[in-house]
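Read the figures in this text as sums done on the coordinates, not as results from a lab. The structure presented is a predicted model; accordingly, all values stated were derived computationally and were not measured. Please note: Cβ atoms are built from the backbone with ideal geometry, for glycine as well, and neighbour counts cover all protein chains shown.
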Amino acid sequence: MVELRHLRYFLAVAEELSFTRAAALLHVSQPTLSQQIKALEKSVGAPLFLRGPGGPHLTPAGDALLEPARRAVVEVTDGVRAVRDTVNARSGTLRVGFSLGGAGRLTPSILDACRRALPEVRLVFREFPVGALYHGLTEDRLDVALTRLPLDAERHVWTVLFEEPRLLAVAEANPLADATVVDLEEVLTLPMPTLDEVPTQISDYWLLNDHRNGERADVQGSPVSSPAEIAHLLMHDPAVVSIAPQTVRHMPPMPWLRFLELPGVAVNSAVVASRQNDRRASVVAFHQVAAAVARRLLAVPAAVGPVGTRKTAVAVSCGG
């Protein structure tokens, strides 16, 4: 019999293409994950993954199951949430996630404005690294998040708050520290941090793997998941460099790092995001309030529209 947890485990492995990473994201042991995948394969009567030195890859049967599994997990999750919303109609809760490098200095103003705009809704605020925000939305542990692109357009919707450059962060002891601009080709030869519990889509983006002609970044050091952890890694090992949104350069312990312009790398968007099928009034209102705060404080026409609209905002400096 196929159970919902089997499908969640299957999707995690299919998206990460790694039993190790999938087990870490699911907070289960790798043997447990493997056993559950084998149970699912027995239930459907076909192998779902080809296991090899390069990691697991979907078989034709796995490809056939992928989209139905995604739909099933989303529909069950949304159904459970609808029941909760009915039960808690008079005292609903909105779980709000944010990261230090997400909306930057707009974060306190957005959270305060939403608290005042939604007085009948209980707002629960949680701080997470970007990777955990992604999974929190996907797995229905968060309702909205102040975070960064990229996200998954099949699972998430977002409203752009502002755009800003991606910069190269280096330690004071790095040979590039005295530069103001660095060539992208040179950056691609340098080691970068090992990003912990981050979906491949996000890690590829911040490691510039889309610029490497099919190659992947040389990652070094203990796994890190937050701007502060990355900063300490760079200071401990000055040979390692990192890509960061402009916002983080004024955050502790960032003053001990140097931030260099990186021509040829697209700007990054700070967004308010939610789940694709979550159309509750409180969620839509959170998007609208966050966008209004961005317009007011940044004095630019931030992207505003119904949940699901993805527009491009004017590039601004939000570093303070």
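If you restrict to DSSP beta bridges whose two residues both lie in the chain, what percentage is antiparallel, to the nearest 5? Write out the running numbers ahead of the final one.
Numbers: 23 of 37 bridges.
Of the beta bridges lying entirely in the chain, close to 60 percent run antiparallel.
Hey, what did the chain get for relative contact order, percent, Cα under 8 Å, at least 6 apart? Could the numbers behind the result be given before it?
On the way: 564 pairs, mean separation 71.2, N = 320.
For the chain, the relative contact order is 22 percent.
Which order, highest average first, do 255-261, 238-244 follow once you tally other Cβ atoms within 10 Å for each residue and take the mean per peptide?
Working: 255-261: 16.9, 238-244: 20.7.
Ranked by mean Cβ neighbours within 10 Å, highest first: 238-244, 255-261.
Which order, highest average first, do 224-233, 156-165, 207-216, 104-113 follow once you tally other Cβ atoms within 10 Å for each residue and take the mean per peptide?
Details: 224-233: 20.2, 156-165: 23.6, 207-216: 12.8, 104-113: 18.0.
Output ranking for 224-233, 156-165, 207-216, 104-113: 156-165, 224-233, 104-113, 207-216.
When N counts the residues of the stretch 4-85, how does its alpha-carbon radius of gyration compare numerically with 2.2 N^0.38 Å, as a ratio? Before the final figure, lay out the partial values.
Working: Rg = 13.1 Å, N = 82, 2.2 N^0.38 = 11.7 Å.
Compactness ratio reported: 1.12.
What translational D, rounded to a whole number of µm²/s, comes out for the stretch 166-260 from Stokes-Einstein when the hydrodynamic radius is the Kirkwood one over Cα pairs, at 4 °C and 1.567 mPa s?
Working: Rh = 13.2 Å.
Translational D for this selection: 98 µm²/s.
Highest mean first, what order results for 274-283, 135-144, 29-38 on Cβ atoms within 10 Å? Numbers along the way, then the final one.
Values: 274-283: 18.4, 135-144: 21.3, 29-38: 15.3.
Ranked from most to least packed, the peptides come out as 135-144, 274-283, 29-38.
Which of rounded, prolate or oblate describes the stretch 103-175 when judged by the alpha-carbon gyration tensor and an a/c cut-off of 1.5? Could the numbers behind the result be given before it?
Working: a/c = 2.15, a/b = 1.57, b/c = 1.37.
Prolate is the answer for the stretch 103-175, as a/c is 1.5 or above and a/b outweighs b/c.
Would you mind checking which residues have amide H under 5 Å from Leu161's amide H? H placed 1.01 Å from N; only 5 or more apart, or other chain.
Ala270, Val271, Val272
What's the Cα-based Rg to Rh of the chain, Rh via Kirkwood? List each step's numbers first, then the result.
Numbers: Rg = 20.6 Å, Rh = 21.0 Å.
We get a ratio of 0.98 for the chain.
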